[in-house]
1. Residues to consider are 126, 145; find the one that is surrounded by 14 or more Cβ atoms within 10 Å (Cβ to Cβ) and farther than 21 Å from residue 204 by Cα.
2. When the stretch 129-156 is examined, which residues are found to be hydrophobic (A, V, I, L, M, F, W, C) and closer than 16 Å to residue 181 by Cβ?
3. Can you tell me how many residues in the stretch 109-123 are under 15 Å from residue 200 (Cα atoms) and touching a residue at least 12 places away in the same chain (Cβ under 8 Å)?
4. Only one of (1) on the phi > 0 side of the Ramachandran plot; (2) surrounded by 10 or more Cβ atoms within 10 Å (Cβ to Cβ) is not met by residue 34, so which one is it?
5. So which residues in the stretch 53-108 are β-branched (Val, Ile, Thr) and out of contact with any Asp or Glu (no Cβ under 9 Å at 6 or more places or on another chain)?
6. Looking at the stretch 56-98, which of its residues are farther than 14 Å from residue 30 by Cβ, surrounded by 10 or more Cβ atoms within 10 Å (Cβ to Cβ) and touching a residue at least 12 places away in the same chain (Cβ under 8 Å)?
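All of the numbers you see were taken from the coordinates with simple rules; none came from a lab. No experiment lies behind these values; they were computed from the predicted model shown. Every residue, glycine among them, receives a Cβ derived from its backbone with ideal geometry; neighbour counts consider all protein chains shown.
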Amino acid sequence: MQHLHRSMLATALATGLLACAAAVAQKAPERKIYCWDEGGRKVCGDALPAEAASSARTEISGKSGLATRQVARALSGDEQVLAEQAEVAARQAAEAEAMRQRRDLAMVESYMTEGDLRRAYGERISLLDETLKASRLGIANLRLSLLSQLRQAGDRELAGEVVPKSFRDTIRQQHDDLLRQQRILADQARDRAALDAELADALQRYRALKDPPSAPTAAAAGSGTAAQR
């Protein structure tokens with residue numbers, strides 16, 4: 001009986017030791033090999049020195065010998081700034097695209113037909129056309145007035161008369177006004193061209209959302225395959 005008891009005790013003890021050994025083996029961290037570049041040559045070791053912490057490296061399993069992770073080198077200060085700027089630009093582009101999609105959806109919901117959309121833009125186009133017409137008329141009148149005053153000043157000089165300073169100042173002022181109005185007209189013409197481009201783009205998006213291209217049917221695809229055969 002005592003022999004049986006000692007045998008059972010030995011078995012239990014051996015089982016406990018095996019369980020403890022297995023638990024220790026499970027908790028033990030897997031051994032890693034680190035490989036990095038140092039002065040143009042590849043260096044590997046089971047510990048990563050502090051001076052190589054920012055270098056690009058490959059981590060290899062000490063058990064299987066296979067690469068388990070690739071770590072890129074740490075970015076410099078300037079590179080970090082550029083990376084952050086690129087991230088901000090990408091986020092802004094994504095937000096702009098989301099806003100454009102919402103705007104397109106609102107456009108489709110607001111205008112039942114393409115004609116409705118054209119009429120909405122037509123009001124803005126008519127207003128700009130009237131503004132351009134008024135600006136061209138104003139420039140023409142300014143030019144005629146300036147030419148008349150220049151002619152008067154020239155006639156006085158030919159007659160040996162002194163052109164008064166106030167008259168010369170008026171000519172200079174009208175010349176400046178003419179140049180300013182010409183710049184305004186150029187800006188208005190660019191706005192008008194941009195509005196045409198905006199309308200063309202809006203119509204293209206409107207048509208794409210109203211009548212999206214349909215995918216080829218299975219029958220059409222099958223007939224195409226049969227024709228190829």
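1. Values: 126 fails: surrounded by 14 or more Cβ atoms within 10 Å (Cβ to Cβ).
Unique residue meeting the criteria: 145.
2. Start the filter on the stretch 129-156 by keeping residues that are hydrophobic (A, V, I, L, M, F, W, C), which leaves 132, 134, 137, 139-140, 142, 144, 146-147, 150, 153.
Across the stretch 129-156, the qualifying residues are 132, 134, 137, 139, 140, 142, 144, 146, 147.
3. So the answer is 4.
4. Tallying (1) on the phi > 0 side of the Ramachandran plot; (2) surrounded by 10 or more Cβ atoms within 10 Å (Cβ to Cβ), residue 34 fails exactly one: (1).
5. So in the stretch 53-108, the residues β-branched (Val, Ile, Thr) come out as 58, 60, 68, 71, 81, 88, 108.
Within the stretch 53-108, 58, 60, 81, 88, 108 meet the criteria.
6. Within the stretch 56-98, 56, 57, 58, 71, 73, 74 qualify.
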